[in-house]
């Protein structure tokens, strides 16, 4: 008994001894990783790390940078696990870096055929990788899902996720859920049938596939969900695939055992061509709740029934628990392209609320049942100007939720577009199958409303469904956001800045130049007691390629890099690419008629404008501005388009889609555009 008392006394003294406590307490706090795409499965992109605060954020300096060796657009969210950073780059490359120093540990190139650029909607981008049990997973532009050894970069397995006959690609980040790697694909703008698939993380063995739109009824339906969906379609939609590709948003609730998936637009975009008899066209532009082990559909909510404006619901899905009308609700939040902020019960799919976060003229509001009340935007016979544009009021740049302020933060663009149906549209494999009359862009006269647009960072109260504050931006496609600590918010901008704000008020507290535009979402992590803030930067992709003069307002060019800051960092920010300067007067001569140049304008818009911009006006995306083509390049122009002379550099060939006469017409149109620009 005496021994027990002595032992208890000794333990008490040891517990109270400050010296002994200091010895047993770690000398520095444990490392904090960023091990999944959205920080956690809920995708909130919030970190409680608070070494960097509102009071000392002005002391941030660059710790290190890494050159991603590309002029193409960067959309990747890095991961940090075990002191290593894993970041994807254009053309689906993956780099492993020391998270403390930026030293390259290994790189992996999946060797995507460069001609694939023709089969990709919006740039040769990749939004990130996934990590699980010593493996790094990446989806590739040519539709593969690859597992890499996290230590060496060696390939563990490589599977093709594509189905034949459709131009599938992967630009989104995989997620690992319950031992399965889940991945969707892109391709609906060209013609594809959407689906999301799961593979065993350890072996790559196929687990399940869930389609998002029904196929040909004559072939039978894969599930009861597809049979129900088919009742909302008409005509022969399956010939063009139908669309509904899952090219970005995924989230997971482990407590409910539900995987949330966002689906995309239809093929073609125009509902009256896609489904002539009408219908909601399930499950286009929808949020789907699936069972992770089987892919079974539990519930769905459609954000834009019968979508006819490319208003995808593939934008960031964010999960949180919010008190709404005195009741704690498990909710799912999304700000998709259509301009409404949605709050949905993530357990049942019940509609809670939807309010406009910017101008949206396609609908006046959503009724109590969760359906939009559409305005008169029937553009079958007469061109209509509609907001938002197909760029969307908000697209893939990720949101963040700050639990201390209760606000959601995301970049917004208030832009509109002209819509006019092409009555002669017919499905053409390998081309853009939007069903929109491309000639309308040339003939559309600018008006005060069509020229009015704005871009801004928005702080949104999801409970009150109202704006709290905004910060204006120079132009569109600004970066995703990161919330940290008590009251901090980080975002990069299209015009080449990385900025810290007070999350509660929007007050700018600090900024750093980055040398290029920032579109991707930042992260934060702690290694060896030091907190870092990181972002992958690089101007490019859809808006930079096709935004024309609006994209040029950013006054930046490509130059992909990872940038990492810490308190007291002293590294220098790499310089940006110099501007191109005035367009020179073309010296190459080509006789042409107005009719030829008009044909060239139409064919250019159909096949070239998505990458090289309207009228050849590149937005600094890393893809050439065709007004600057040299005399020597013009001399090779037919060989470039018809023979693939520059295919190894990412310029695809078009001999199957364009005749020599059409190529000549495109060249004549571009020369005229260069001449006009040089005279301004």
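Any read-out appearing in this document is the output of simple, stated calculations on the displayed coordinates, not a laboratory observation. Since the model is a prediction, treat every value here as computed from it, not as a measurement. Cβ coordinates were reconstructed from backbone atoms using ideal geometry, including for glycine residues, and neighbour counts include every protein chain displayed.
Points to keep in mind about this one:
- The distance from the alpha carbon centre of the stretch 447-511 to that of the stretch 213-248 is 38 Å, rounded to a whole number.
- For the pair residue 580 and residue 464, the difference between a 0.36 nm per residue extended length and the Cα-Cα distance amounts to 37.1 nm.
- Burial ranking of peptide ranges 505-516, 52-63, 138-149 (average Cβ count within 10 Å, highest at the top): 138-149, 505-516, 52-63
- Here residue 291 and residue 639 are evaluated by their C-beta separation; at R0 = 60 Å the FRET efficiency comes out at 0.70.
- Modelled spin labels at residue 428 and residue 474, positioned 7 Å past Cα toward Cβ, are 3.7 nm from each other.
- Förster-model FRET efficiency, 45 Å R0, residue 206 and residue 234, C-beta, rounded to 0.05: 0.90
- The chain, relative contact order in percent, only Cα pairs under 8 angstrom and at least six apart counted: 14
- Estimated inter-spin distance, residue 450 and residue 219, nm [label 7 Å along Cα→Cβ]: 4.0
- Rounded if a/c under 1.5, otherwise prolate or oblate - the stretch 223-371, Cα gyration tensor axes: oblate
- For 498, 637, the sequence from fewest to most other C-beta atoms within 10 Å is 637, 498.
- Peptide ranges 37-49, 152-164 listed from the most packed, as the mean C-beta count within 10 angstrom indicates: 37-49, 152-164
- Across the chain, the volume of the C-alpha convex hull divided among the residues equals 179 Å³ per residue.
- Annotation for the stretch 627-680 versus the stretch 171-200: alpha-carbon center distance of 35 Å.
- Gyration tensor (alpha-carbon) shape descriptor, the stretch 594-678, a/c threshold 1.5: rounded
- Estimated from helices alone, the mean residue ellipticity of the chain at 222 nm is -4000 deg cm²/dmol (sum of -39500 (n - 2.57) over DSSP H runs with n ≥ 4, per residue).
- Most tightly packed first, judged by the mean number of other beta-carbon atoms within 10 Å of their residues, the peptides 663-669, 266-272, 425-431 read 266-272, 663-669, 425-431.
- Here 640, 602, 317 are placed in order of increasing Cβ neighbour count within 10 Å, fewest first, which gives 602, 640, 317.
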